[in-house]
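J.: Dumping the structure here so I can ask a few things about it.
The values are calculated or read from the model by the stated rules, or taken from the named source; none is laboratory data. Values in this document were obtained by computation on a predicted structure and should not be read as measured data. Quick note on the areas: whole protein, heavy atoms, side chains included, nothing else; ligands and nucleic acids left out. Shrake-Rupley method; radii C 1.70, N 1.55, O 1.52, S 1.80 Å.
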Amino acid sequence: MVGDRSLAVTGGADATVRIWDLAEGAGVGAPLTGHRGGVAVVRTTMLSGREVALSAGLDCVIRVWDLAALVS
């Protein structure tokens, strides 16, 4: 949840992370880029009071995405 929106966050073999609005059944914004290989794991959590997504890629990099900033 970000605000009153139920979201899902996915990662794919195309090295992108995508945010989905579950009520609308549609993607939110453009795919997030930054990994150099497929995205193996995505998790959401709170970090310093902000809802974030963590993505771990096959490029051995973990990225942090601020969901509130991306969805607003």
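J.: State in Å² the accessible area per residue of the chain; use a 1.4 Å probe, count heavy atoms of protein chains only, and round to the nearest integer.
T.: 61
J.: Computed from the coordinates I sent, Rg/Rh (Cα atoms, Kirkwood Rh) equals one of (i) 1.01; (ii) 0.95; (iii) 1.20. Tell me the label.
T.: (ii)
J.: Let me ask something else about it. Over the chain, what percent of the accessible surface lies on carbon and sulfur atoms, probe 1.4 Å?
T.: 55
J.: Another question, then. Calculated from DSSP H runs of 4 or more alone, at -39500 (n - 2.57) each and per residue, what is the 222 nm mean residue ellipticity of the chain, nearest 500?
T.: Working: 1 runs with 5 residues, N = 72.
For the chain, the value works out to -1500 deg cm²/dmol.
J.: May I pose another question? Over the chain, what is the mean sequence separation of C-alpha contacts under 8 Å (at least six apart), divided by residue count, expressed as relative contact order in percent? Don't jump to the answer; show the numbers that get you there.
T.: Working: 151 pairs, mean separation 18.8, N = 72.
It rounds to 26 percent for the chain.
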